[in-house]
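*Asks:* Here it is, the structure, as structure tokens.
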Amino acid sequence: MSLDENFIQAVGYGLWVGALVSLVAAMVSLAILYALLSLHVKHSAFIPLWILGFSIPLFIPYTLMALVLFLWFYPSGFIGSILPSLMGSTLALVLAYSIKTGAFLTIVGIPTLVSTKLNAWAQYRLYNGSLFGFFVHIIIPKLWTSMIIGMYVIHAYVLAAYEIPYLIGSRQNPMPAIIIHDTLNKLALDSAQKAYEMSGWLIGVMLLLAPIYFGIYRFVLKRLKP
């Protein structure tokens, strides 16, 4: 099968958006986890309400969130009236996905904070270590395995997602799922076969992301060790 050029471009664009979303989600979650670590250390206790608060976005279906963001990002919407070019942009997709994915990675990392013994921080501080150094060299290596798996899941999901790109994405620069959906809905006799073959290639690309993230995992872990 000769792949459609538009589909190849869509896969490349989807990989780019997925990489941005996973990176933003990781940065947001690490910033939140550092703030929660500071709270955990200073008050010698962990507040369970934070867990409930960061869990709320996970219970909102992407379809509902896409509809709300569509109304917000529309040129006459709450945000679109300030940034009229936001609708259909890469930034809109990254913002839309980062709301839930950032909360997801934060929830993934919270058990590591809960299990961290305060005497470990006390021992680290005896060597004039800072809280930030403790977070980078002790906490992040402990949660890095679950963090990198979560980033891979996010990247693969965004690459194949449909709802949010359909509502707030660009038709001139579509995501792969939009190309597959449009191909499947064509009246041509071979449209279904082409759509299924595109889906197979997309799954293959999603699987190929796994060794890439494993390489990132090993590369970063070596440099986090004190």
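*Asks:* Name, by its number, the condition in (1) under 15 Å from the mean Cα position of the chain (by Cα); (2) touching a residue at least 40 places away in the same chain (Cβ under 8 Å) that does not hold for V153.
*Replies:* Going through the list (1) under 15 Å from the mean Cα position of the chain (by Cα); (2) touching a residue at least 40 places away in the same chain (Cβ under 8 Å), V153 breaks only (2).
*Asks:* Moving on to the next point. Would you point out which residue out of I99, I168 is under 23 Å from V28 (Cβ atoms) and touching a residue at least 60 places away in the same chain (Cβ under 8 Å)?
*Replies:* Sole residue among the options that is under 23 Å from V28 (Cβ atoms) and touching a residue at least 60 places away in the same chain (Cβ under 8 Å): I168.
*Asks:* Related question: Only one of R125, R223 is surrounded by 13 or more Cβ atoms within 10 Å (Cβ to Cβ) and of a type in the set (K, R); which? Before the answer, list the steps.
*Replies:* Details: R223 fails: surrounded by 13 or more Cβ atoms within 10 Å (Cβ to Cβ).
Just one listed residue meets the conditions, R125.
*Asks:* Quick one: count up the residues across the range 61-92 that are over 13 Å from L167 (Cβ atoms) and hydroxyl-bearing (S, T, Y).
*Replies:* Residues that pass the stated criteria total 5.
*Asks:* Oh, and also: Please specify each residue of the range 128-163 satisfying the condition of being buried (at least 19 other Cβ atoms within 10 Å of the Cβ) and outside any helix (DSSP H, G or I).
*Replies:* A161
*Asks:* Sticking with this one: Considering the range 132-173 alone, what residues qualify as being over 26 Å from P211 (Cα atoms) and touching a Ser or Thr at 6+ places or on another chain (Cβ under 6 Å)? Give the derivation first.
*Replies:* Keep residues of the range 132-173 that are over 26 Å from P211 (Cα atoms), which gives 132-135, 163-173.
E163 - this is the single residue of the range 132-173 that is over 26 Å from P211 (Cα atoms) and touching a Ser or Thr at 6+ places or on another chain (Cβ under 6 Å).
*Asks:* Among the candidates S81, S85, S76, S130, which residue alone is within 20 Å of L37 (Cα to Cα), of a type in the set (G, A, S) and without any contact (Cβ under 8 Å) to a residue 24 or more places away in the chain? Please lay out each step first, then the result.
*Replies:* On the way: S81 fails: within 20 Å of L37 (Cα to Cα); S85 fails: within 20 Å of L37 (Cα to Cα); S76 fails: within 20 Å of L37 (Cα to Cα).
That would be S130, the only listed residue that is within 20 Å of L37 (Cα to Cα), of a type in the set (G, A, S) and without any contact (Cβ under 8 Å) to a residue 24 or more places away in the chain.
*Asks:* Of all residues in the range 165-207, which are assigned to a loop (DSSP other than H, G, I, E, B) and either in contact with a Phe, Trp or Tyr (Cβ under 7 Å, 6 or more places away or on another chain) or surrounded by 13 or more Cβ atoms within 10 Å (Cβ to Cβ) (or both)?
*Replies:* Our first condition is that a residue be assigned to a loop (DSSP other than H, G, I, E, B); within the range 165-207, this holds for 169-175, 185-190.
Those that are assigned to a loop (DSSP other than H, G, I, E, B) and either in contact with a Phe, Trp or Tyr (Cβ under 7 Å, 6 or more places away or on another chain) or surrounded by 13 or more Cβ atoms within 10 Å (Cβ to Cβ) (or both): G169, S170, N173, P174, M175.
*Asks:* Test of understanding: among L159, L91, which residue is without any contact (Cβ under 8 Å) to a residue 12 or more places away in the chain and more than 15 Å from I32 (Cα to Cα)?
*Replies:* Working: L159 fails: without any contact (Cβ under 8 Å) to a residue 12 or more places away in the chain.
L91 is the lone residue from the list that is without any contact (Cβ under 8 Å) to a residue 12 or more places away in the chain and more than 15 Å from I32 (Cα to Cα).
None of the figures in this text is laboratory data; all of them are computed from the coordinates on show. As the structure is a prediction and not an experimental result, all values here were calculated from the model. Note: ideal-geometry Cβ built from the backbone for every residue, glycine included; neighbour counts use all protein chains shown.
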